[in-house]
Structure formats: structure tokens, C-alpha cells
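Visitor: Shown below is the structure under consideration.
Bear in mind that the values in this text are calculations on the coordinates, not laboratory data. Since the structure is predicted, the reported quantities are computational estimates derived from the model, not experimental observations. As a convention, Cβ positions derive from the backbone with ideal geometry for all residues, glycine included, and neighbour counts pool all protein chains shown.
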Amino acid sequence: MILETKRLIIAPLTVEDAPLVYPFFSDAEVMSSLDQEPIEDPDEVASRVTAQVEEMAAGEGAYWAIRRADDGAFIGFCEFFDIDRRRDNAEIRFAIARAGWGQGFGIEALSALLAQVAAEDLKTITARVHVGDVAAERLLAKLGFHADGYMKGAVHRDGERRDRRVYVLKL
């Protein structure tokens, strides 16, 4: 399935997208809000994307490539993982290219994707955000997520423990 918005084309991630995902995973600033260190090895990113494609085929995850409609440029990705069909919930993680920050691409893409997963009967979406990631927290609030928990020292990054806030959206 391919989703289209006014400015974006959102399609399932493919193995061929791995070289386009690599700049995100190797960028320390982009990765600072995710729960892992930057990945310097393109083959490691390719392996990760391949595993995500396999998870999608097995119905265990949904990984989306986000492209601008006007020129097809890959500007981000969104991941739905830890999908629990028995409880109708999943966790979401997303990234938009630095060049696209502040232009509304995140809310446009995530609005379309959340509508899609609601149509697929997921009822609860959880997001974990590093405390201090104001842009992500603001985006989640605009989408209707509410703060539901706090994880003190949940992530070890750059030699320090970081806290995360848990957000929940009931669809």
C-alpha cells in the first residue's frame, strides 16, 4: 500500500532503500533522539533494513519510507514495531531528514500513517522520546499523544544516562 498526502509519498520500506536510510543512522544529531549510537557501517544498516523488510513480510512490523511527492527525495522513515495484535497496540519511531526539520513533514506523514494503522485496527500507539527533544514532544502533542510515563535513566548514550518520556495515543 502506498499513501499519498499533499506533499508526500509514503510507501513500505524496501531493501533498495537501505542506502537512503544510511545517512540517518550515521548522523549523530539525528540519532541523538533514538536509542542507539550512530551506525558507521553501511552494511550494518543494509542488514537492519533487510530484517525490517522480513518483519513486514511476517506481519511483525511496519516500516515506511517517506518521500517528497514533487521530486521523490527520501526525507525520512517511520517504524511501527512491537506490534501486539492481541492487544491492538504498537510502538512508533520516526525520523525526518535535517533539511526537512520545521517544515511540517513529520505531522503530515505521521497523520497519514496513524490513520492507516487505525484502519488496520491498532488501537493504541506508544512513543518513547528522550526528555528534551522538544520538537518530537511538540509533534506528538499535535497528533493527540499524551504523556503517560517517565523512564529515569532509561538510555545510556554518550557516556551518560538519559531519561525518556512515554507518550500514548488512543486511536
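Visitor: If you stretched the chain out fully between Tyr150 and Arg7, how much longer would it get, using 0.36 nm times the residue separation minus the C-alpha to C-alpha distance?
Guide: 48.0 nm
Visitor: Note the full-extension length gain between Arg157 and Glu55 as 0.36 nm times their separation in residues minus their Cα-Cα distance, in nm to one decimal. Spell out each step's value before the answer.
Guide: On the way: separation 102, 0.36 × 102 = 36.72 nm, distance 2.67 nm.
Difference between extended and current length: 34.0 nm.
Visitor: Continuing with the same structure: Extending each Cα 7 Å along its Cβ direction at Lys123 and Asp84, get the distance between those two points in nm, one decimal.
Guide: The answer from the label model is 1.2 nm.
Visitor: For Lys142 and Glu16 in one chain, what is 0.36 nm times their gap in residues minus the Cα-Cα distance, to one decimal in nm?
Guide: Working: separation 126, 0.36 × 126 = 45.36 nm, distance 3.23 nm.
Taking Lys142 through Glu16 to full extension adds about 42.1 nm, to one decimal.
Visitor: Out of residues 5 or more away from Arg157 or on other chains, whose amide H comes under 5 Å of its own, with H placed 1.01 Å from N in the peptide plane?
Guide: Arg162
Visitor: Same structure again: Just want to confirm a number: the relative contact order over segment 17-171, from Cα pairs under 8 angstrom separated by 6+ residues, in percent.
Guide: With pairs under 8 Å counted, the relative contact order is 17 percent.
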